[in-house]
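The structure under discussion appears below in the form of structure tokens.
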């Protein structure tokens, strides 16, 4: 089968794309499939960073409650997901 952790040239996984499109059902399927939630794209952002900065609370809660993200990961701007959300 396909590897859910594959990424594109921007180092985005399917989880990044699903979050950026606010696709809650797809995010849930990917989390259930065991996708790596700590994978960072070329900007250093995890899917949690992306959900937080977009203000999508439901996705943030889904990622936090259905996986074990490292909430202290820093992106290229030295921001955690929660700090990034305040920008």
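Since every read-out is calculated from the coordinates, none of them should be taken as a lab result. The structure displayed is predicted, hence computed values, not measured ones. Ideal geometry is used to build each Cβ from the backbone, glycine not excepted, and the neighbour counts take in all protein chains shown.
Of the residues making up region 12-36, those that are over 16 Å from residue 1 (Cα atoms), in contact with a helix residue (DSSP H, G or I) (Cβ under 6 Å, 6 or more places away or on another chain) and buried (at least 18 other Cβ atoms within 10 Å of the Cβ) are 15, 16, 18, 19, 27, 31.
In region 44-79, of all residues being surrounded by 14 or more Cβ atoms within 10 Å (Cβ to Cβ) and out of contact with any helix residue (DSSP H, G or I) (no Cβ under 8 Å at 6 or more places or on another chain), the one that is farthest from residue 12 (Cα to Cα) corresponds to 74. If the condition is being over 12 Å from residue 19 (Cα atoms), over 10 Å from the mean Cα position of the chain (by Cα), in contact (Cβ under 8 Å) with a residue 24 or more places away in the chain and in a helix (DSSP H, G or I), then region 32-87 contributes 32, 66, 82, 84, 85.
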